[in-house]
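K.L.:
Pasting a structure here, questions to come.
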Amino acid sequence: LSGNARNCFLTGNPNSYRNVIGKGLRCLLDVPHTEVFSNAHHGSGRFCSQSSQPLGEKIPSLQISSVGQPLHHFPAWSIQIIRSFHTSPSLQAAPVPLFWIIVKPAQKLFAIILGRSIRNWWKALPPNKRELFKENARKNKWKILLGVSSLGVVFVMFYFTHLEETPITGRARLLVFGKEHFRELSQMEYDMWMEQFKGQMLPETDARYQVVKRVVGHLSESNKDVPQVSALKWVIHVVDEPGVNAFVLPNGQVFVFTGLLDAVSDIHQLSFILGHEIAHAVLEHAVKKASLVHFLDFLSLIFLTMIWAICPRDSLAVVGQWIQSKLQEFMFDRPYSRTLEAEADKVGLQFAAKACVDVRASSVFWQQMELAETIQGQPKLPEWLSTHPSHENRAEHLDRLIPEALKIRESCNCPSLSGPDPRLIFRLNMQHLLESSKGREAPNSTKQDPSKPKLDFPHT
């Protein structure tokens, strides 16, 4: 939440980390003072790694202050909202190998030329030769079917021979590209982002930089028993950008925008989000996504050739090509992206639990994002149009995962969570906000002001 309804913001006030928890939770959620993290430590539990310092000593001094009135004192229609939250850079988490960047357009161009040549060749044939060709095709239909089936078997064998086990989750994944290619290209992409943000990087002495550094450091230290976490060197970059964004490159380069630090209401939410981003890198989602996209693009070349060969005119072929690309995008690419996001949520929640984070705050963040869109009156697009799950479904998914995460947290000898559940406090505050806004609208209920959108809170 931004504007005059954002009653939480990060400052460089050198107070103890205990103030972060005490004031930060009360800031948006009105949670009574709690010292959830102040004595956090790890045992030698099944999910845990040894930690020599409590979490309170790992986090730098930071205060999440409350300014102005509490949230429920603001008119709902005066709240300005950050439109969306991205958990990956605007391009991809990593580019596909340069060879395929060059070859992919050439492949499509070749398929178009081949299909168009077949169509022109067929049109140029005399009618008697067309009939002769059709007759030969009918006579050899079994040979043709065998050839097509053999080609399908080759694709299936290629798919299953390139499956590997995903770290941590154990789920099968398709890997077409070598990891060494992505390590090289991750450095290239890192250089690109550094060039783009070279004038916006916060110095290491900035309190916000120190917060992100210590949170990432504690997450990696708490999960060092995971080989993929300990193998990467996590380097922090905080970008002075208002966008709500964070992403981690496959080589461990962490980028966090200051807009995200303004959007989270406490350190627990920030820890979960960074755990989610670390999970993307650890699970090598960039390699998986690029591999699937390349495999599907290669398969689509066959259909692309057929489209340009069958369609009687180029204009129809262009429409057919567009339809094919959209079908691939909405039937395979975007659902797979949503699957990877859900997987990163699950693993990121486990990472946060092992770091003694209050994992219950994870779903509150997405409820806040949903609330923001509702108050703004933004239309809710169907989830199948997005590369990310909807805020509502994401919050519900995390709510289902939280009991397991709490067990992991308990097995790591984390201190008990005191005080009310932040999810309950959030719902109560939203109910109070709704009732207050209705009370203000009651005198003018006969005439609705179009500048004051109707509110609907599905989570209350």
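K.L.:
Which value, in Å² rounded to 10, gives the accessible area of residue 306 with a 1.4 Å probe and all protein chains present?
P.N.:
That residue has around 90 Å² of solvent-accessible surface.
K.L.:
Where does each of 406-414, 344-352 land if you order them by average Cβ count within 10 Å, highest first? All intermediate terms of the calculation are to be shown ahead of the outcome.
P.N.:
Numbers: 406-414: 19.1, 344-352: 25.1.
Output ranking for 406-414, 344-352: 344-352, 406-414.
K.L.:
If the only charges are +1 at each Lys and Arg Cβ and -1 at each Asp and Glu Cβ, what is the size of the charge dipole of the stretch 174-427 around the Cα centre, to the nearest 20 debye? Write down the numbers at each step before the final one.
P.N.:
Working: 24 positive and 32 negative charges, 83 e Å.
For the stretch 174-427, the charge dipole is close to 400 debye.
K.L.:
Report, in whole Å, the centroid distance computed from the Cα atoms of the stretch 351-422 and the stretch 248-274.
P.N.:
When both Cα centres are located, 15 Å separates them.
K.L.:
Taking R0 as 25 Å, what's the FRET efficiency between residue 164 and residue 299 from their Cβ-Cβ distance, rounded to 0.05?
P.N.:
Efficiency at R0 = 25 Å is approximately 0.80.
K.L.:
Where only protein heavy atoms count, and the probe is 1.4 Å, what is the accessible area per residue for the stretch 267-326 in Å²?
P.N.:
It amounts to 35 Å² per residue over the stretch 267-326.
K.L.:
While we're looking at this one, here's another question. Highest mean first, how do 140-150, 367-377, 330-340 rank when packing is the count of other Cβ atoms within 10 Å averaged over residues?
P.N.:
Numbers: 140-150: 10.4, 367-377: 20.9, 330-340: 16.5.
Descending mean neighbour count gives 367-377, 330-340, 140-150.
The values are calculated or read from the model by the stated rules, or taken from the named source; none is laboratory data. Quantities reported herein were computed from a predicted structural model and do not represent experimental measurements. As a convention, Cβ positions derive from the backbone with ideal geometry for all residues, glycine included, and neighbour counts pool all protein chains shown. When the accessible area is computed, the model is the full protein with side chains, heavy atoms only, and any ligands, DNA or RNA have been set aside. Shrake-Rupley method; radii C 1.70, N 1.55, O 1.52, S 1.80 Å.
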